[in-house]
Amino acid sequence: MYEAAAMQRQGFQLALLVLPLAACASTETPRGPSGLFARANLGYGQALDGAFDPSGARADGQYSPGLASGAAIGYDLNRSWGFEVDYTYRSGDIDSIGAGGAIANGGDYASVAITGNVIYSFATDGPWRPYVGAGLGFLQEIDADLEPAGAEVSDRSALAYQFLAGVGYQVSNAVEVTLEGRYLGASGVELRGDGQTYDADYDHVGALLGVRWRF
């Protein structure tokens, strides 16, 4: 299992190195006068139910949806390819962890992810811009507040990867409105605190409404 995960991570890293090089080979002009852009997003998402294992035991966590928000800055290499550095905060409530809520029956589960994303935009004749993308980065922080015990456990710098797909609508030469879906996964999450260690899954899906400004 761990070998497969390592190969998966290497595949993501290789793809994110090769795709920008392929984009640079194109002679197309970038979108916008300079190619630079900034973006802000707000949406809703869900941490998928998964393992939340204390040392020497197994337990499952169940979660409810919550808000997601973020921002990014990036550069369009041409009309097809672009890249960005993205910062996104995700949160949600804990329904239960462990059988009958033995570890927690409330609290919240949240993360801050920083990723570098490669974006591919499909060619269209009108104001619509369908696009897909993939990203690789890390969780600057992931933490869980476990109630009713009042314990907080957290981890920093876990590897993170994401996939996204969406569509943009060009309102003006400088402004675009976007709607996209995202999947974020993390590898090797170890939540520590109050003398406890938990090996946890973190997979998150969400939908984001955004505004993109070209400069």
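Can we say residue 25 is hydrophobic (A, V, I, L, M, F, W, C) and either surrounded by 14 or more Cβ atoms within 10 Å (Cβ to Cβ) or at pLDDT 50 or above (or both)?
Criteria not met by residue 25.
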Which count do you get for residues in region 184-199 that are acidic (Asp, Glu) and not in a strand (DSSP E or B)?
1
Can you tell me which residue is nearest to residue 161 (Cα to Cα) among those in region 94-104 that are surrounded by fewer than 17 Cβ atoms within 10 Å (Cβ to Cβ) and in contact with a strand residue (DSSP E or B) (Cβ under 9 Å, 6 or more places away or on another chain)?
95
Among the residues of region 136-159, are any touching a residue at least 40 places away in the same chain (Cβ under 8 Å), under 16 Å from residue 88 (Cα atoms), of a type in the set (Phe, Trp, Tyr) and surrounded by 15 or more Cβ atoms within 10 Å (Cβ to Cβ)?
no
Out of everything in region 164-173 that is aliphatic (A, V, I, L, M) and in a strand (DSSP E or B), what residue ends up being farthest from residue 130 (Cα to Cα)?
164
Looking only at residues that are assigned to a loop (DSSP other than H, G, I, E, B) and small (Gly, Ala, Ser) in region 127-163, which one is farthest from residue 173 (Cα to Cα)?
149
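Let's see how each residue does on (1) more than 20 Å from residue 154 (Cβ to Cβ); (2) crowded, with 21+ Cβ neighbours inside 10 Å:
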| site | (1), (2) |
| --- | --- |
| 44 | yes, no |
| 71 | yes, no |
| 76 | yes, yes |
| 91 | no, no |
| 106 | no, no |
| 113 | no, yes |
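The values are calculated or read from the model by the stated rules, or taken from the named source; none is laboratory data. All figures in this text were calculated on a predicted structure; none of them were measured in a lab. Here Cβ is always computed from backbone atoms with ideal geometry, including for glycine, and neighbour counts include all displayed protein chains.
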